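Take a look at the structure below.
The values are calculated or read from the model by the stated rules, or taken from the named source; none is laboratory data. What you see is a predicted model, and the numbers here were worked out from it, not measured in a lab. All accessible areas refer to the heavy atoms of the entire protein, side chains included, with ligands and DNA or RNA removed. Shrake-Rupley method; radii C 1.70, N 1.55, O 1.52, S 1.80 Å.
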Amino acid sequence: MNIQLEHISPNQIEQRSFEIISEELGDMRLDPEQEPIIKRCIHTSADFDYAKNLVFSPNAVQCAKEALKKGACIVTDTQMGKSGINKTALAKLGCDVFCFMSDEDVANTAKQQGTTRAVAIGNAPTALIRLYELIQQGLQPEFIIGVPVGFVNVVESKELILSTQVPYIIAQGRKGGSNIAAAICNALLYSITGRDS
């Protein structure tokens, strides 16, 4: 067997991976603000469909960055999503991440304290549906990352968020996952703090 391995140092693997992603995207034009997010999702999943299925509301990246710069609390639907978000980058911005979507008092507490919130849903379409219901009742998150994965109510839950006025990044269709939610958060964080976080 004649397998050609690329000899590269461990600290250059990520950089080389992004070079390969750029090469394989070829002539596809990406919005410069959205490009780092799309490429990080591809890097996380090795799935080039994210170049087409990520949907950004108008000024989505700018809205998300502003929320993070104000010290947003990110609420995730899974511990995996929470674990994947870079804590050093969060700390640099005075942000924090929580996973307590099932707590009924979260929305009330955040509203009473005037806390800035961003929401990252990577697993449970039911969490995205509940978030939509809370928005209809007056909850106003600063930003939503809606990328649950699966087959039951996944597409529909994303369509509900697309119908709101809340800024969002959504992975249309069935694809997504907690790793993709974390990748989007990290891409946004790195665009503010730099990758050395």
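Quick notes on this one:
- Unique residue being hydrophobic (A, V, I, L, M, F, W, C), more than 13 Å from the chain's Cα centre (by Cα) and open to solvent by less than 90 Å² (accessible area, probe 1.4 Å) when the list is 5, 68, 54, 30: 30
- Taken over the range 155-188, the criterion of being in a loop (DSSP other than H, G, I, E, B) and open to solvent by 10 Å² or more (accessible area, probe 1.4 Å) is satisfied by 163, 164, 165, 167, 172, 173, 174, 175, 176.
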